[in-house]
């Protein structure tokens, strides 16, 4: 292989990398794992007989999907032994993205790897079932059934109505201010009656080991936290969208980042998702 051919192959891969990262991340929920998968796909691309590849993007999607399916087999054991609630690695954007949101990713976690792959490739990335069949090595009819089963579960996670962008960011800022000041009246005014909190510390940093459900329990939870924030305040780093939900990044007193994402229904915060596990926050530095 000449250097010129290698450079051309690498240059052709570059524009496809962001889409391949999205496929891998949505499959795995892990930023470093997605990057590792795409790097492995790049290595295989450079070693492949590219003269036989008619559609490079389709070829690479197949490679990434199969690598992700292999990864998910071992990931299931890791999830079963994970300390506390598991949340996907946070991806923070300035604006809302059209990809799946955090609540939808949690629904996908409960699906089989093949259901997840079929749904993502068809419903999110718009691929035909014939191409999906090649990627996951099932016939098109089976892929259609897999996607349909996944869609039934995912439909339940879709928001009943969309929060206006600016209002979502305002609620995120209001939540940060009220929770850090210990203003339970202001906090209560923006929480839904059935609000919940899920905090992912992964056993690496203090976090609730079980989700907290209900208005009174969530208020009591934040009342306890407010005493800690009084002695060890956190600093607001950035407000934006965390996995498609309004939220923010903070720098905590221990010198580590934390992300908070807010699921909003009817102008009230219905769910709070906090990632504290430092392994999931390294890419934010």
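The values are calculated or read from the model by the stated rules, or taken from the named source; none is laboratory data. Note that the structure is predicted; figures quoted are calculated from it, not measured. All Cβ positions, glycine included, derive from the backbone under ideal geometry; neighbour counts span all protein chains shown.
Structural remarks
- Sole exception among (1) modelled with pLDDT under 95; (2) in a loop (DSSP other than H, G, I, E, B); (3) within 22 Å of the chain's Cα centre (by Cα) for residue 233, by number: (3)
- Condition broken by residue 242, with the remaining ones in (1) modelled with pLDDT of 95 or more; (2) closer than 19 Å to residue 85 by Cα; (3) surrounded by fewer than 17 Cβ atoms within 10 Å (Cβ to Cβ) satisfied: (3)
- Residue that is modelled with the highest pLDDT [pool: residues in region 135-162 that are crowded, with 18+ Cβ neighbours inside 10 Å and under 20 Å from the mean Cα position of the chain (by Cα)]: 147
- Filtering 75, 10 for residues that are within 30 Å of residue 203 (Cα to Cα), surrounded by 11 or more Cβ atoms within 10 Å (Cβ to Cβ) and either assigned by TED's automatic domain parsing to the domain that holds residue 197 or modelled with pLDDT under 95 (or both) leaves a single hit, 75.
- Residues being more than 30 Å from residue 275 (Cα to Cα) and part of a helix (DSSP H, G or I) - total across region 1-41: 13
- Entry remark, region 245-270: residues being within 15 Å of the chain's Cα centre (by Cα) and closer than 22 Å to residue 82 by Cβ number 7 in total.
- Residues being closer than 20 Å to residue 73 by Cβ and not in a loop (DSSP other than H, G, I, E, B) - total across region 108-126: 11
- Hits in region 45-56 - residues which are surrounded by 15 or more Cβ atoms within 10 Å (Cβ to Cβ) and either under 29 Å from the mean Cα position of the chain (by Cα) or not assigned by TED's automatic domain parsing to the domain that holds residue 72 (or both): 45, 56
- Residue among 132, 100 that is outside the structural domain of residue 242 (by TED's automatic domain parsing), assigned to a helix (DSSP H, G or I) and either farther than 30 Å from residue 169 by Cβ or within 22 Å of the chain's Cα centre (by Cα) (or both): 132
A quick yes/no check of all residues on (1) in a helix (DSSP H, G or I); (2) within 21 Å of residue 79 (Cα to Cα); (3) free of Cβ contacts under 8 Å to residues at least 12 places away in the same chain:
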| residue | (1), (2), (3) |
| --- | --- |
| 178 | yes, no, no |
| 208 | no, yes, no |
| 241 | no, no, no |
| 250 | no, no, no |
| 254 | no, no, no |
| 258 | no, yes, no |
| 262 | no, no, no |
| 272 | no, yes, no |
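- Evaluation of residue 101 against (1) surrounded by 15 or more Cβ atoms within 10 Å (Cβ to Cβ); (2) under 21 Å from residue 266 (Cβ atoms); (3) at pLDDT 90 or above (one fails), failing number: (3)
- Filter result for residue 216 (out of contact with any strand residue (DSSP E or B) (no Cβ under 8 Å at 6 or more places or on another chain) and either at negative phi or part of a helix (DSSP H, G or I) (or both)): yes
- The set of residues in region 176-189 being touching a helix residue (DSSP H, G or I) at 6+ places or on another chain (Cβ under 7 Å) and surrounded by 18 or more Cβ atoms within 10 Å (Cβ to Cβ) consists of 178, 179, 180, 187.
- Filter result for residue 228 (more than 21 Å from the chain's Cα centre (by Cα), outside the structural domain of residue 100 (by TED's automatic domain parsing), assigned to a helix (DSSP H, G or I) and over 30 Å from residue 129 (Cα atoms)): yes
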